[in-house]
Amino acid sequence: MVHFEGRAGLDLIDDQAQSDQPTPRMYAWARNSAAYRLARQMLTEKQLFDAISRKAREKFEDISVNRVELLAAAAVTFAYDNGALNDKAYAEIKTRSAMRGGKSKRAIAQKLSEKGVARDAVAAAVAEADDLYAAVVLARKRAFGPFRKAALDEKRTAKELSAFARGGFSFELGKRVFAMSVDEAEDILFAGRSL
């Protein structure tokens, strides 16, 4: 008597592994979803992977974890192949934008890390950032330091200096901007417009 139990079990495992592969329709959906998301906004690799994973679990009932990961990885690969995904460029653009919004290097680096940008790309992007310019922008936005409209008292001084600290700027830099004249601040803002 020939016993085929081992072979049948192997076939079952192979069938299961094949059935765990996403269908061509699923792959097409992942590519289209990636293209749609990247056309609307710039994303990091991690953000795209997470978005496709989340949507795949919503769209396809009883989808396995392996299928979700394969679909998300295929979407990321598709985006890289088409030049729509570039974490280094994302970090550089977001750094310049955040700096013009009054964010410190430290705050920018933390935000980029949360978005899943690699540590070396974050370091390269924030190396070009100018904390003095960003601190002056923050002062202008909040009407601090040289842009102050209210009378200066002890409470106002503490409020302004603590806002710089919460923004990730050093105490020395906060004091420097706090004590600047309007002309000095305007010169820094003018020089930084090209950043």
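The values are calculated or read from the model by the stated rules, or taken from the named source; none is laboratory data. Since this is a predicted model, take the numbers as computed values, not measurements. Quick reminder, even Gly has a Cβ in these numbers, built from the backbone with ideal geometry, and neighbours come from all protein chains shown. Protein only, heavy atoms only, side chains kept; ligands, DNA and RNA dropped before computing areas. Shrake-Rupley method; radii C 1.70, N 1.55, O 1.52, S 1.80 Å.
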Task: Length-normalised contact order for the chain - Cα pairs under 8 Å, 6+ apart - percent - done: 17 percent
Task: Environment charge of Lys46, counting only residues whose C-beta is closer than 11 Å and scoring Lys/Arg +1, Asp/Glu -1 - done: -3
TODO: In Å and from the alpha-carbon atoms only, list the Rg and Dmax of region 117-195.
DONE: 13.7, 45
Task: Highest to lowest packing among 65-76, 148-159, scored as the average C-beta count within 10 Å - done: 65-76, 148-159
- [ ] Evaluate 2.2 N^0.38 Å with N set to the residue count of the chain, then give the Cα radius of gyration divided by it.
- [x] 1.57
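Restricting things to Cα coordinates, could you compute the convex hull volume per residue of region 72-160 in Å³?
On the way: hull volume 9.6 nm³, N = 89.
About 108 Å³ per residue, rounded to a whole number.
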Task: Heavy-atom surface of region 37-195, accessible at 1.4 Å and reported per residue (Å²) - done: 58 Å²
